[in-house]
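A quick write-up on the structure given underneath.
The values are calculated or read from the model by the stated rules, or taken from the named source; none is laboratory data. The shown structure was predicted, so the numbers you read here are calculated from the model rather than taken from an experiment. Neighbour counts are summed over all protein chains in view; Cβ atoms, including those assigned to glycine, are modelled from backbone coordinates with ideal geometry. Heavy atoms of the whole protein, side chains included, go into the accessibility calculation; ligands, DNA and RNA do not. Shrake-Rupley method; radii C 1.70, N 1.55, O 1.52, S 1.80 Å.
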Amino acid sequence: MLIAAIETSCDETSVAVVRDGKILANAVSSQIKLHAQYGGVVPELATREHLRNLLPAAREAFSRAGVAPADLDAVAATQGPGLPPSLMIGFQAGQAFAYALQRPFIGINHHEAHLYSPWIAGGAADFTAFEPNISLIVSGGHTMLVHVAGELSHRVLGATLDDAAGECFDKTAKLMGLPYPGGPELDRLAQLGNPGAFAFPRPMLKDAHDDFSFSGLKTAVRYFLRDHPAVIQTEKGLRDLCASVQAAIVEVLVQKTIRAARRCDVNCVTASGGVTCNSALRRDLAAACRENHLTLRLAEKTLCTDNAAMIAILAERKLLIQSPVTPLTEEIRASWPLG
Ligand code: KG4
Ligand code: ZN
């Protein structure tokens with residue numbers, strides 16, 4: 001089966017072509033540099049950029065894949081959740097494309113695509129290895145734990161009640177004067193820092209439920225900087241602060257994920273979304289899974305951030321298992337809870 005997918009839910013314009021679970025092309029045009037000047041994503045600018053970048057991304061994807069639109073069996077696009085004007089560009093383009101080609105159209109839930117992205121390795125999906133798992137989806141907009149009992153059968157156990165973990169990385173980095181998006185920069189600086197240098201709260205770590213809360217940690221960093229402004233004036237102080245904040249976020253994510261896996265009696269843990277690029281999270285989740293005899297599948301770094309390949313792979317699985325077709329009269333679903 002040959003499928004093309006479009007992803008424009010936030011600030012990445014992406015078009016991918018997938019054949020029988022294999023990624024033939026995954027063109028991603030990032031807007032990070034544009035939004036960096038404003039310290040965050042500006043929806044109007046994102047929409048304009050999607051309009052500008054979508055056709056070049058589509059041409060690049062088809063050219064790299066070496067296929068023509070007429071060869072496609074189906075077209076997919078992210079239907080939600082996401083920024084409404086951004087979503088509209090890719091979703092309506094996908095609908096128009098499917099209509100012009102007279103092919104089935106599938107609207108995909110962005111989080112569901114992240115959820116199954118750890119099963120893609122080396123450019124191809126491998127669902128033969130699938131086993132029930134606890135999945136951590138952790139990005140700039142969302143942090144959630146999901147029990148995936150079977151392929152395409154999942155239930156959200158908990159989610160953040162306020163800021164997402166990526167938002168916490170970005171906002172605390174901003175307080176330290178680091179450039180947007182702060183997560184990767186904080187990760188880089190933390191690598192030579194001491195994670196035990198400063199004590200920060202581990203929100204909801206001891207609570208038995210699977211929800212998260214990161215806004216209090218952000219406030220703790222704000223007060224810390226108010227009381228100790230000199231810390232970030234030295235390279236060592238800044239690195240230690242980054243490592244200490246990162247340790248607090250990562251410990252909560254890792255321990256709550258392992259606890260959910262134990263409680264739900266699964267043997268596998270997966271993780272996806274932009275924050276899964278974080279080196280401490282990858283390292284500590286791997287160590288915790290080893291200790292608890294759990295298999296770990298981390299989404300590959302290029303597939304952690306937003307991309308259309310994960311949308312196309314999920315659309316293909318859905319076509320094979322459920323045959324879902326999204327009527328062309330449907331609209332975007334800016335708020336679309338997973339499951
Ligand atoms: O999944 P994603 O590309 O977009 C959303 O759907 O939000 O995730 C972006 C988020 C940002 O908050 C970014 O700072 C964070 O992922 N991120 C990281 C790292 N790389 C990306 N956070 C911590 N460490 C990283 N290495
Ligand atoms: Zn995402």
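Apply 1/(1 + (r/R0)^6) to the Cβ-Cβ distance of Thr219 and Asp71, taking R0 = 56 Å, and write down the FRET efficiency to the nearest 0.05. Mind dumping the intermediate values first?
Values: r = 54 Å, r/R0 = 0.96.
FRET efficiency, Thr219 to Asp71: 0.55.
If DNA, RNA and ligands are ignored and the probe is 1.4 Å, what is the ranking of Leu72, Leu157 by accessible area, most exposed first?
Working: Leu72 0, Leu157 35 Å².
In descending accessible area the options line up as Leu157, Leu72.
Quick query: amide H of Leu157 versus all other amide H atoms, modeled in the peptide plane; which residues come in under 5 Å with a sequence gap of 5 or more or a different chain?
Leu145, Val146, His147
What is the local net charge at His50, summed over the other residues whose Cβ is closer than 13 Å to its Cβ (Lys, Arg +1; Asp, Glu -1)?
Working: positive: Arg48, Arg52; negative: Glu7, Asp11, Glu12, Glu44, Glu49, Asp306.
With Lys, Arg at +1 and Asp, Glu at -1, the net is -4.
Given the DSSP H assignment, sum -39500 (n - 2.57) over each helix run of at least 4 residues in the chain and divide by its residue total; what's the result at 222 nm in deg cm²/dmol, nearest 500? Kindly include the intermediate steps, with their values, before the conclusion.
Numbers: 11 runs with 146 residues, N = 339.
One gets -13500 deg cm²/dmol as the mean residue ellipticity at 222 nm.
In the chain, what is the volume of the convex hull around the alpha carbon atoms, normalised per residue and reported in Å³?
124 Å³
Choose one answer from Thr47, Thr305, Thr295: the residue with the largest mean-square fluctuation in a GNM of the chain with alpha-carbon springs under 10 Å.
Thr295
What dipole magnitude, in Debye to the nearest 20, does the chain give about its Cα centre under +1 on Lys/Arg Cβ and -1 on Asp/Glu Cβ? Display every interim value, and only then the final one.
Numbers: 31 positive and 34 negative charges, 100 e Å.
Value, rounded to 20: 480 debye.
Obtain the radius of gyration and the Kirkwood radius of region 274-339 from its C-alpha atoms and give Rg over Rh.
Numbers: Rg = 16.5 Å, Rh = 15.0 Å.
With Rh from the inverse mean 1/r over Cα pairs, Rg/Rh is 1.10.
Name the residue from Ala199, Phe214, Gly182 whose Cα lies farthest towards the positive end of the charge dipole of region 131-299, charges +1 on Cβ of Lys and Arg and -1 on Cβ of Asp and Glu.
Of the candidates, Ala199 comes out farthest on the positive side.
Under a 10 Å cutoff between Cα atoms, tell me which one of Glu291, Glu112, Glu300 has the largest fluctuation in the Gaussian network model of the chain.
For the chain, modelled as a Gaussian network with Cα springs under 10 Å, the answer is Glu291.
Quick one: net charge around Cys304, please, counting Lys, Arg +1 and Asp, Glu -1 for every other residue with C-beta under 13 Å from its C-beta. It would help to have the intermediate numbers written out before the result.
On the way: positive: Arg282, Arg297, Lys301; negative: Glu12, Asp187, Glu300, Asp306.
Its environment carries a net charge of -1.
Counting only pairs 8 or more places apart or on different chains, how many lysine pairs in the chain have C-alpha atoms closer than 26 Å?
21
Could you tell me how far the Cα centroid of region 39-98 sits from the Cα centroid of region 214-250, in Å?
For region 214-250 versus region 39-98, the Cα centre distance is 38 Å.
Take each uninterrupted DSSP H stretch in the chain, measure its Cα extent along the helix axis, and return the ones at 24 Å or beyond whose mean Kyte-Doolittle hydropathy is at least 0.0.
Flagged H segments are 84-101, 235-263.
What whole-number volume per residue, in cubic angstrom, does the convex hull of the C-alpha atoms of region 20-84 give? Don't skip to the end; give the middle numbers.
On the way: hull volume 7.7 nm³, N = 65.
It is 119 Å³ per residue.
In whole Hz, what ³J(HN,Hα) sequence does region 144-159 give by Karplus (6.51, -1.76, 1.60; θ = phi - 60°), x for Gly and Pro?
Per-residue couplings from phi come out as 8, 10, 10, 8, 9, 7, x, 4, 6, 10, 8, 9, 6, 8, x, 8 Hz.
In Å², and per residue, what accessible area does the chain have when probed at 1.4 Å with the other protein chains present? Don't skip to the answer; put the middle values down first.
Details: 14120 Å² over 339 residues.
Value returned for the chain: 42 Å² of accessible area per residue.
Towards the positive end of the charge dipole of the chain, with charges on Cβ (+1 Lys, Arg; -1 Asp, Glu), say which of Pro324, Ala308, Ala93 has the farthest Cα.
Going by the charge dipole, the pick is Ala308.
If amide H atoms are built 1.01 Å from N in the plane of the peptide, which residues on other chains or at least 5 residues away come under 5 Å of the amide H of Ala76?
Residues meeting the criterion, in which the H sits 1.01 Å from N, are Ala4, Ala5, Ile6, Ile106.
Given Cβ point charges of +1 (Lys, Arg) and -1 (Asp, Glu) and nothing else, what value in debye, to the nearest 20, does the dipole of region 131-299 about its Cα centre take? If you can, show how the numbers build up before the last one.
Working: 19 positive and 18 negative charges, 45 e Å.
The dipole magnitude comes to about 220 debye.
Scan region 183-270 for trypsin sites (Lys or Arg not before Pro) in coil per DSSP, keeping those whose Cβ has at most 15 other Cβ atoms within 10 Å, and list them by number. Can you show the working numbers first?
Numbers: sites: Arg188, Lys206, Lys218, Arg222, Arg226, Lys236, Arg239, Lys256, Arg259, Arg262, Arg263; in loops: Lys206.
Of the trypsin sites (Lys or Arg not before Pro), the ones in loops of region 183-270 whose Cβ has at most 15 other Cβ atoms within 10 Å are Lys206.
Starting at 0 and stepping by 10 Å, how many percent of the alpha carbon pairs of region 131-299 end up in each bin?
Histogramming region 131-299 at 10 Å steps yields 11, 41, 32, 13, 3, 0 percent.
Tell me, what ³J(HN,Hα) does each residue in region 323-335 have, in order and in whole Hz, if you take phi through Karplus 6.51 cos²θ - 1.76 cosθ + 1.60 with θ = phi - 60° and put x for Gly and Pro?
6, x, 10, 8, x, 5, 7, 6, 10, 5, 10, 4, 10
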